[in-house]
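The numbers here are math on the coordinates, done by the rules we state, and not lab data. Only a predicted model underlies this, so the values are computations on that prediction, with no experimental measurement involved. As a convention, Cβ positions derive from the backbone with ideal geometry for all residues, glycine included, and neighbour counts pool all protein chains shown.
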Amino acid sequence: MPSDALLLDLDGTLLDIAPRPEAVVVPTGLPAALEAVRARLEGALALVSGRPIGELDRLLAPLRTAAAGVHGAELRRRPDGPVERLGTPSLLDPLRRLLAATPLPEGVTVEDKEVAIALHWRRAAEPPAALIAELEARVAASDGSLEAIFGKAVLELRPAGLDKGRAVAALLAEPPFAGRRPIFVGDDRTDEDAFRAVERAGGLAFPVGPTPPGGRPAVFAGPGAVRAWLASVAAGGALLPMGVIVPMEEAGG
Ligand SMILES: [Mg+2]
């Protein structure tokens, strides 16, 4: 276990999905469990989320970890390090103006994360099809400088070339992560890039259900199962959950 590293998505992985991003509930004991697991891993634990890093700090206080925020547009290589902003946020200004000038359907919200913009419709009766089509058309006309990524009832708009996989690769290049077997736990299609990044580094992908990304079989049925596993690891239990099959050459690593 000292030779492992753990990289964790937050929403839908550690936290149950809420009707609105600001309505999530952090279960009592989760920050302490993460801190205990991080200590067992000699610091090699990072959060890799669609949320800004400042929000991760606020939600999980007093815990601070190495982190990637906004799907790789923000990076903090060490818990006490600076937040690096990658990409060119001003590329999103035309989309900002469009969204500011468009009346939003009931239940649809815009979350401006500065380095990315998210359109949420979890509380709406149906996806805002006309607005989504307009945003996709703008992205298609951007000559590849912008991308639109669909998640669960969310469309994320961001400068192209940033994703969780690149953020994970950047974290794995440095201590305390470098040279360890990385394990990524995630539940959404934006986590697929991170799964591939850890697999390229000889690591393991642990998809979280009920609908894991990339058609992969779930290792965990949902966030409750992930939290139970972390509590067990925090108490000294095994890092590899029951039922995970590790290729022989990697076993015991
Ligand atoms: Mg998630």
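Assorted remarks:
- Scalar couplings 3J(HN,Hα) for region 203-212, obtained by applying the Karplus form with A = 6.51, B = -1.76, C = 1.60 to θ = phi - 60°, are x, 10, 9, 10, x, 10, x, x, 10, x Hz; x denotes Gly and Pro.
- In the chain, a dipole from Cβ-located charges (positive for Lys and Arg, negative for Asp and Glu) runs towards its positive end, and of G203, V37, A68 it is V37 whose Cα lies farthest in that direction.
- CD proxy at 222 nm, helix term only [per DSSP H run n ≥ 4: -39500 (n - 2.57); per residue of the chain; nearest 500]: -8000 deg cm²/dmol
- Per-residue Cβ neighbour rank within 10 angstrom, fewest leading, H71, H120: H120, H71
- Between R58 and T28, the modelled labels are 2.4 nm apart [label points 7 Å from Cα along Cα→Cβ].
- Point-charge dipole on Cβ atoms (K/R +1, D/E -1) for region 85-204, about Cα centre, debye to 20: 340 debye
- The charge dipole of region 89-159, taken about the Cα centre with unit charges on the Cβ atoms of Lys, Arg (+1) and Asp, Glu (-1), comes to about 140 debye, rounded to the nearest 20.
- The mean of 1/r over all pairs of different alpha-carbon atoms in region 1-149, once inverted, gives a Kirkwood hydrodynamic radius of 17.0 Å.
- Here the chain is treated with +1 on each Lys and Arg Cβ and -1 on each Asp and Glu Cβ, and its dipole about the Cα centre works out to around 360 debye.
- Potential lengthening of the chain between R123 and D93 amounts to 8.2 nm, from the contour at 0.36 nm per residue minus the alpha-carbon distance.
- Straightening the chain between A39 and R20 buys 3.7 nm, computed as 0.36 nm per residue apart minus the Cα-Cα spacing.
- Taking amide H as placed 1.01 Å from N in the peptide plane, the amide H of I17 sits under 5 Å from that of G12, each at least 5 places away or on another chain.
- Between A133 and R85, the simple label model (points 7 Å from Cα in the Cβ direction) yields a spacing of 3.4 nm.
- For the chain, DSSP calls about 55 percent of its internal beta bridges antiparallel.
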